[in-house]
Structures are given as structure tokens and as C-alpha cells.
Amino acid sequence: MTTTRTYSTESALWGEIVEAIAGWVDEGLVEPSPWLSEWGHRPHITTPLPYRAPGVWFDRQAVERVLKFFAMLRQLIGRHAGHAFVLQDWQVKYLIAPVFGLKHPDGRRVIRTVWFEIPRKNGKSTLCSGLALYLFAADREPGAEVYAAAGDRDQANIVFRAAANMARECKPLARKLGKRGIQKKLLEHPQTHAIFRALSSEGLRSHGLNVHGGVIDEVHVHRNPDVIDALETGTGAREQPLIVFITTADDGAGDTVYNTKREDVENLAAGHSADPTTWGVVFGVDDTAENFDAFTEETLKRANPGYGVTVMSDYLTAKAAEAERSPAQLNRYLRLHLNVRTKQTVRWIPLEVWDQGGGLVDVDALAGRTCYAGLDLSSTSDLTSLVLWFPPEEDPDTGEHVLLPFFWLPEDNLQDVQRRTKVPLDQWAKTAGPIGPLLRLTEGNVVDYRAVREFALGMLGERFDVKALGYDRWNATETVLELRDAGVHVEPVGQGYAGMSPPAKELERLLLAGRVNHGGHPLMRWMADCVEIRQDDSENIKPVKPNRATSAKRIDGFPATLNALSQHLLRSGQTEQRPEPRIRVIGA
């Protein structure tokens, strides 16, 4: 197949694609979207179309073939379940038409690698499933090997299962494959001998793949490049292989598979490099633009091409409102719903929120009250913290919680730590707090854990009704065993997401509601200004301890607070008891 068509400019090629889409909309093969048809939005980043490739031409019939294949499929999830899978105009313009329509003179596709980055809930996984099915069943490739790939088995199976279900519900395709062609973990075409299966790093055994098509979902969660390397290096024997990356933005980490691929796309888009075989599109917004406002409806519309169709406006506005209220949710919102690359950590508690709880604490009124303790022994040469958490005596839904913190530091290290942190530790050591000085100094150049234990036992046994003490296992063996032997009920608290997220979310909720009185303790206020959190894809959060060797920040009072609060939550029925021994301590 040959053609004499040439394009002098990229806009001329775009013009032909847009003209074709308008015709397909009229024919009902493509669904017009508000994002493109009404509002005229564009992606945040696109790489150049390969119009300069020798003899490139636009094969309208090839694109129509893909559109008609999708229309045979049925959507299976949400309010569109049971409807024909008619692609939207933005999906065709920025994915299907360039990828399947741009051809060499001999009819082979120009584009072999696709980077398609888009916010969550814009139909990404369903689109992945349809693309993989087309490459497997309709791309006219004998013995095609097609893989739905992801960083873990569960994520890879999401795309595969959806594709397998679509195949079952598509009568023409189901007849061709037959009962034996649609298996639990494999699709197999009896005539072409093509196969389609899920692939993850957990199931990768060797690089002996002969890849025609790979659809790689959520690149940002890939912990290593093994699966991607296997797919990319497995395409060498195919005439027109296609590897499609469909993902959401990452959290700004540097040394990752996602970062490498994204930087390649940005270089292509900026003209720093050229590769006609790669097509990249990033939907989202530019958070560095002047007057950028992350929470407006216009910003949400611009970032989400499926706005009002695949992702509901009320869902997005609720997420925006949640992120505007809670700093802990902001980065997640920016990344997942505006497709903004964020930092791995984010400042957690605004000082104006923290300062709402700075009223006087009447220690005498706390005598005999039920409370929970939290211990963070930290480094032997730095700050150590013990925190008491007093839940409300009366109404647990509206009452005030009281936080009472205590800190220790080796006396010989005072000036060195003060010089690194640039806060007046020496003054705080001389200033009286609710019970003794704000900062207690122990003799020598390491924290005297014996002094911490003696103080804790005196406090716990004589003044307050402490039901349990939560602690970080690290370096806690001797102290915890002595506290246990003295009759204190001690519980280890995991410092990962599972252990930290429930109390961290509860602390944030109570602070935002103005229901925590911490007495304005200056060390805790300083730490509130230092503490950052990290969040995973399941919305769990945890504080991130700074590197003591390089950072001036300290947050010791917050792990101790969360350790204490975790014990209150366990005993108030707000979290489940972890299935681990009550006393299981490990050495330093």
C-alpha cells in the first residue's frame, strides 16, 4: 500500500484527523464530549504528530475499524453498563486516530509506543481493556501475544478480567473464541493462535516473550522496570507492535520507571528530542500557571476530559472541597484528579489550625482521669517524647480531648541540637510547663531511658489512670519490658500506614473541629510546623520522620501522640485490634 499524501505542517495533519472525527460523530461511531466539542479544551502536554516521517499518511479506514470494534463491545461498569462502547471524541483525537491511523507508505503503523496520562475516573481501565482486546482479536496479527501489564497481579487482573468479560458479552467475538478460548487467566483465538493474558512483576519468570501488544496500567506503582523491559524488548520480531502506557501522575519521586518515561515525553513535547514512533499525551493542568486555583469548577473541567460523562461533577467537587479543608488530602487530590505531579510528602497541620487548641490545661483537673500514653524513644542522642492523651469524660462526639506532652534531651547534646534545629531549646529547658520544665535534660550525651521510665511510672501510677501505653518497637526492648513488669499495659504500634493512618486521620479530624487542647506547648507547636505526611493510593497517611543528620526538623511529639491515640481508638471501637502479640519487642 502506498500514498503520495504529504503534510507541510502538523496542523494540516491535525486538520485531517479533526475532519474525520466530525464525520464519525455524524455517523454515530464517535460520541461528542463537552470537554472537546463545547469547551474546546486541550491536553496539558502533547508530543508532536509524526508528520515529518517519510511518506506518512492518515488511514481513515484503519481508525474506523477500531471504532467499529469498540462499538461491538459492551460496557460493564457504572451507569453506562450494557451500552455499546462508543468512544468519545477526545479519546479518538488524542489516542485512537494518531496511533492507529498514521501509517508508513507500506501500511505499517508509525507509532509503536504510547504514553497516555490522565486523571482517575476518566475511563482509563475500561479503555485499556478495549485496546488490549483489539490488539488480541482484531489487529490482523498472526499469533499475536498481548499482555495487560501492571506493577502487581491484582492491578493487571483488573484490565484482563474486564476484557474477558467484554469478550463474553460480545456475541461475534465470543463465537470466534469459543468456550475454550475464554479462560480464567487466558484468552486464546483458535484460528489466529493469538493469546491475551495478564502480566505482572510477581508472575514474570523470563523475558521469552514475543510481544505484539502491551497495555501497561498505572505506571507510577511499578516498583521496578522488569515487566516493562520484558514487554519492550519482546517486540523485536513484530512488524507493528504497540506498547501503550495508560497511567495517572506519580508523587514526584525521582528514581522511578514513571519518572524516566514522563521525562522522555516532556523532552519530546518541548522539542529537545525527536522520535516519530512515540506518541505522548498528558491530560491535566499546569499548577505553576499564574492565578492557578486548584478548586474551581473550570480547573476540574480542564483537567478531566470525561467530566460529566465518565466522572461525575459532584464527585469531583466533593473531592475538591475535601482537599481544600484538609492539607492531608491536597496532594492526593492534585495528583489523582488534576494529574499534577506532587511531592512525596506534604505539610500536614497549618499553624492556624494547631493554634486553635492552645488554651490553658488544668493539670489538677486531669488527676485520676482515664488516659492513654504514647512513647517515642527516638535516637539516644536526640529528643525523646512521652505523650498522654485524655479523651472526653462526657460526650465522646463533641467533648474536648487533652494532649499532654513531655520531652527529654541529653544535656551534653543541647547546644549541638539547638544549633542544627535553630530553636531555643535551652530556654525551653528553663521554662516551667504544666508538670516540670518544657524540656527535661538528662546527664551525659545519650538519653537516660531510666529517667524516662521513672518519670513515666511515677506519672502513670500516681496521678493518672493510664489504660495502655502505645510504643514504637524500635529501640524499645528494655524500657518496654520494665514498664510491663511494673504493671503498665503496653502495646506495640506499627509505624507504617496500617498503624499510623487511623490515629493520624482522627487527630486531623479533631484538630480541624477544634476539639484538641494541647496547651500551646512550644515544642509541640514547633513540631506541628515541621511534620509532613506521606499518603498511599488507598488514602492512608502517616507522618514522615526527617533525617536527623541532615534536617533541622523534629516531629517526635507526633509519633508519640499517634501511639497514644491509637490505644484510645482501639478501646473505643473505632479501629480493629491488630493480630499481633501484646508484647513483641525487638532490640535496637
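The values are calculated or read from the model by the stated rules, or taken from the named source; none is laboratory data. Quantities reported herein were computed from a predicted structural model and do not represent experimental measurements. Using ideal geometry, Cβ is built from the backbone for each residue, glycine included, and neighbour counts are taken over all protein chains shown.
Couple of notes before you dig in:
- Qualifying residue in segment 373-386 (condition: buried (at least 17 other Cβ atoms within 10 Å of the Cβ), more than 29 Å from SER572 (Cα to Cα) and β-branched (Val, Ile, Thr)): no
- Given (1) surrounded by fewer than 19 Cβ atoms within 10 Å (Cβ to Cβ); (2) under 21 Å from the mean Cα position of the chain (by Cα), number of the condition SER201 does not satisfy: (1)
- Long-range neighbours under 6 Å by Cβ, at least six apart or interchain, first residue closer than 17 Å to SER385 by Cα within segment 472-492, second crowded, with 21+ Cβ neighbours inside 10 Å and among the aromatic types (Phe, Trp, Tyr): VAL480/TYR471
- Filter result for ASN210 (touching a residue at least 12 places away in the same chain (Cβ under 8 Å) and either among the hydrophobic types (A, V, I, L, M, F, W, C) or more than 26 Å from ARG109 (Cβ to Cβ) (or both)): no
- Looking across segment 423-439, the residues that are in contact with a Ser or Thr (Cβ under 9 Å, 6 or more places away or on another chain) and either touching a residue at least 12 places away in the same chain (Cβ under 8 Å) or among the basic types (Lys, Arg) (or both) come down to LEU438, LEU439.
- Residue match in segment 180-189 (condition: in a helix (DSSP H, G or I) and more than 13 Å from PHE70 (Cα to Cα)): yes
- When we screen ASP106, ASP154 for residues that are under 24 Å from the mean Cα position of the chain (by Cα), among the charged types (D, E, K, R) and surrounded by fewer than 24 Cβ atoms within 10 Å (Cβ to Cβ), the only hit is ASP154.
- Of the residues making up segment 101-129, those that are touching a helix residue (DSSP H, G or I) at 6+ places or on another chain (Cβ under 7 Å), in a helix (DSSP H, G or I) and under 24 Å from LEU316 (Cβ atoms) are SER125, THR126, LEU127, CYS128, SER129.
- Matching helices (runs of 4 or more DSSP H) fully within segment 322-437 where at least 1 residues are of a type outside the set (A, V, I, L, M) and more than 23 Å from ALA564 (Cβ to Cβ): 327-337, 351-354, 414-421, 425-430
- Residue in segment 492-509 that is in a loop (DSSP other than H, G, I, E, B), more than 20 Å from the chain's Cα centre (by Cα) and surrounded by 19 or more Cβ atoms within 10 Å (Cβ to Cβ) present: yes
- Filtered residue count, segment 48-63, keeping only those that are in a loop (DSSP other than H, G, I, E, B) and crowded, with 16+ Cβ neighbours inside 10 Å: 7
- Screening HIS212, HIS222 for residues that are modelled with pLDDT of 95 or more, within 23 Å of THR126 (Cβ to Cβ) and crowded, with 21+ Cβ neighbours inside 10 Å leaves exactly one candidate, HIS212.
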